[in-house]
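The structure appears below as structure tokens.
The values are calculated or read from the model by the stated rules, or taken from the named source; none is laboratory data. Just so it is clear, the structure is predicted and the values come from calculations on it, not from any experiment. Neighbour counts run over all protein chains shown; Cβ positions are idealised from the backbone, glycine included.
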Ligand code: IPD
Ligand code: CA
Ligand code: CA
């Protein structure tokens, strides 16, 4: 296995153990509210700390962009190696005992995604990707679906529950997509949703209001599985805006064409 993936997988598994050992033990951790509808627990923080400890032991000169701790580095935007970490993606699910969450770890080198690990500790699904080396689930090579139309397609999404100023635009997109697809799922952990697109379990996915740590690993998984990732208008600004559409190449264009008429000016920039 690629040495950086080996270390990242070790970190993801340790974090996954911290999370599953605490699942359902509601009295064993404290929860605080960060912003509207956005919660963090001691479990998120402990998992993040453990991931950073493991990675920095092997890579003392690398930098970290982690959801709970922010940026640890010298020169944001210019540091060579940056690990982008969501220690517990799907915190709201976890806090309710709803078993859909994951650990997401990506490595960027000079602004390009190079390695990805998304680990579901409940199902022990380990998704990994190396730039140019493909995407894997455990030992199986991944491929996005060849779906060509919305008819028969299963899509994933996330609701813009934090910044509700996007709600009207989002609902208009949902309305246009829901009437033509086989179904739309909102499972509550974006990193896993993206991994499911890479695995071909979802034909496509879109969400408004994501953060880099929600997306980074999943984006590389999809690209290495032959999928396309864009912002809401088909451009490359998904990391900057936080708004993303992804699918196999043909379906991707159809989703972009459906969503684009509902894109308002504020959706061309990052909100929150
Ligand atoms: C959230 C989940 C959710 C998505 C939110 C994210 P968190 O991440 O990925 O599915 O809809 O936008 O913030 O807060 O549980 O790490
Ligand atoms: Ca997240
Ligand atoms: Ca999180």
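Some points to look at:
- Of the criteria (1) assigned to a helix (DSSP H, G or I); (2) out of contact with any helix residue (DSSP H, G or I) (no Cβ under 7 Å at 6 or more places or on another chain); (3) within 11 Å of ligand 1 (Cβ to nearest atom), which one residue 162 fails: (1)
- Any hit, the range 90-110, residues being crowded, with 17+ Cβ neighbours inside 10 Å, within 16 Å of ligand 1 (Cβ to nearest atom) and free of Cβ contacts under 8 Å to residues at least 60 places away in the same chain: yes
- Residue check, residue 32 free of Cβ contacts under 8 Å to residues at least 12 places away in the same chain and under 17 Å from residue 217 (Cβ atoms): no
- Scanning the range 134-163 for residues that are more than 24 Å from residue 251 (Cα to Cα) and either in contact with a strand residue (DSSP E or B) (Cβ under 7 Å, 6 or more places away or on another chain) or touching a residue at least 24 places away in the same chain (Cβ under 8 Å) (or both) yields 138, 161, 162, 163.
- In this structure, residue 25 does not satisfy being modelled with pLDDT under 90, outside the structural domain of residue 209 (by TED's automatic domain parsing), over 19 Å from residue 218 (Cβ atoms) and within 12 Å of ligand 3 (Cβ to nearest atom).
- Restricted to the range 68-89, and to residues there that are modelled with pLDDT of 95 or more and closer than 18 Å to residue 38 by Cα, the residue that is surrounded by the most Cβ atoms within 10 Å (Cβ to Cβ) is 86.
One line per residue, one yes/no per condition, for (1) assigned to a helix (DSSP H, G or I); (2) within 13 Å of ligand 1 (Cβ to nearest atom); (3) surrounded by 17 or more Cβ atoms within 10 Å (Cβ to Cβ):
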{"position": "174", "(1), (2), (3)": "yes, no, yes"}
{"position": "187", "(1), (2), (3)": "no, yes, yes"}
{"position": "191", "(1), (2), (3)": "yes, yes, yes"}
{"position": "206", "(1), (2), (3)": "no, yes, yes"}
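- Within the range 4-58, the set of residues being surrounded by fewer than 16 Cβ atoms within 10 Å (Cβ to Cβ) and assigned to a strand (DSSP E or B) comprises 31, 32, 33, 34, 35, 38, 39.
- The range 193-204, subset more than 8 Å from ligand 1 (Cβ to nearest atom) and within 13 Å of the chain's Cα centre (by Cα), residue nearest to residue 12 (Cα to Cα): 195
- Taking the range 211-244 as the range and being within 19 Å of residue 162 (Cβ to Cβ) and surrounded by fewer than 24 Cβ atoms within 10 Å (Cβ to Cβ) as the test, the residues that pass are 211, 212, 213, 231, 238, 239, 240, 241, 242.
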